[in-house]
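Engineer: Before anything else, here's the structure in question.
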Amino acid sequence: QVQLVESGGGLVQPGGSLTLSCAASGNAFSFYHMGWYRQAPGKQRELVALISSGGSTTYADSVKGRFTISRDNAKKLLYLQMNSLKPDDTAVYYCNCQFSLRTYWGQGTQVTVSS
């Protein structure tokens, strides 16, 4: 069982920056495939970014060049650095873990981009 706890969400103005963190439990974090997803009101949950256990990254086209996903295996932390934020980035952001054929989700953290 893997538990995920997100933090770092909040209210930010358009053009601003925010960094999300996700703390994971367990002793095999370096083997977890991790990702960030988001869900805006009335919309389906969508992929934001992925990072494999080996460090390979994948981004949704909508965030390429603005968001950076990273991980600290020693601290068992996943990050999402978000720059040049837009109102369309407003959503609940979820941390995701895929390990040993199972999928785990955090409880989500709200990001609101508004002036």
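The values are calculated or read from the model by the stated rules, or taken from the named source; none is laboratory data. Computed from a prediction, not measured in an experiment: that's the story for all the values here. All Cβ positions, glycine included, derive from the backbone under ideal geometry; neighbour counts span all protein chains shown. When the accessible area is computed, the model is the full protein with side chains, heavy atoms only, and any ligands, DNA or RNA have been set aside. Shrake-Rupley method; radii C 1.70, N 1.55, O 1.52, S 1.80 Å.
Engineer: Per residue of the stretch 92-102, in order, report the coupling 6.51 cos²θ - 1.76 cosθ + 1.60 (Karplus, θ = phi - 60°) as ³J(HN,Hα) in whole Hz, putting x for Gly and Pro.
Structural biologist: Computed from phi, the couplings for the stretch 92-102 are 8, 9, 10, 8, 10, 10, 10, 7, 6, 6, 10 Hz.
Engineer: Tally up the carbon and sulfur contribution to the accessible surface of the stretch 26-115 as a whole percent, 1.4 Å probe, everything protein left in place.
Structural biologist: Numbers: 2320 of 4870 Å².
So the carbon and sulfur contribution to the accessible surface is 48 percent.
Engineer: Please state the charge dipole magnitude for the chain, taken about the Cα centre, from unit charges on C-beta atoms (+1 on K and R, -1 on D and E), reported in debye and rounded to the nearest 20. It would help to have the intermediate numbers written out before the result.
Structural biologist: On the way: 10 positive and 6 negative charges, 26 e Å.
Once rounded to the nearest 20, the dipole reads 120 debye.
Engineer: Dipole magnitude of the stretch 68-115 about its Cα centre, charges +1 at Lys/Arg Cβ and -1 at Asp/Glu Cβ only, in debye to the nearest 20? Walk me through the numbers before you get to the answer.
Structural biologist: Details: 5 positive and 3 negative charges, 50 e Å.
With Lys and Arg at +1 and Asp and Glu at -1, about 240 debye.
Engineer: Let me ask something else. Pairs of alpha-carbon atoms within less than 8 angstrom and 6+ residues apart define the contacts here; what relative contact order does the chain have, in percent? Spell out each step's value before the answer.
Structural biologist: Working: 275 pairs, mean separation 42.1, N = 115.
Rounded, it is 37 percent for the chain.
Engineer: Over the stretch 42-107, what is the relative contact order in whole percent, taking alpha-carbon pairs under 8 Å and six or more residues apart? Don't jump to the answer; show the numbers that get you there.
Structural biologist: Values: 60 pairs, mean separation 11.6, N = 66.
The normalised contact order for the stretch 42-107 reaches 18 percent.
Engineer: Report, to one decimal in Å, the Kirkwood hydrodynamic radius for the chain based on all distinct Cα pairs. Display every interim value, and only then the final one.
Structural biologist: Values: mean 1/r = 0.0713 Å⁻¹.
Kirkwood radius, the chain: 14.0 Å.
Engineer: What Cys residues in the chain have no fellow cysteine's beta-carbon under 4.7 angstrom?
Structural biologist: Lone cysteines by the Cβ rule: C97.
Engineer: Now, a different point. Go through the stretch 65-70 residue by residue and turn each phi into a ³J(HN,Hα) via Karplus (6.51, -1.76, 1.60, θ = phi - 60°); whole Hz please, and just put x for glycine and proline.
Structural biologist: Result, rounded to whole Hz: x, 10, 10, 9, 9, 8.
Engineer: What is the extension gain from H33 to R66, computed as 0.36 nm multiplied by their sequence separation minus the C-alpha to C-alpha distance, in nm to one decimal? Don't jump to the answer; show the numbers that get you there.
Structural biologist: Values: separation 33, 0.36 × 33 = 11.88 nm, distance 2.15 nm.
So the extension gain works out to 9.7 nm.
Engineer: Hey, another quick one. Counting only the heavy atoms of the protein chains, how much of T58 is accessible to a 1.4 Å probe, in Å² to the nearest 10?
Structural biologist: Accessible area of T58: about 70 Å².
Engineer: Mind checking which of C22, P87, A74 is farthest towards the positive end of the chain's charge dipole, using Cβ charges of +1 (Lys, Arg) and -1 (Asp, Glu) about the Cα centre?
Structural biologist: Sorting the options by dipole projection puts first A74.
Engineer: Would you calculate the separation in nanometres between label points at S56 and S7, each defined as 7 Å from the Cα along the Cα-to-beta-carbon direction?
Structural biologist: Label at S56, label at S7, 3.2 nm between them.
Engineer: What does the accessible area per residue of the stretch 1-100 come to in Å², with a 1.4 Å probe and no ligands, DNA or RNA counted? Write down the numbers at each step before the final one.
Structural biologist: Details: 5110 Å² over 100 residues.
On a per-residue basis, the stretch 1-100 sits at 51 Å².
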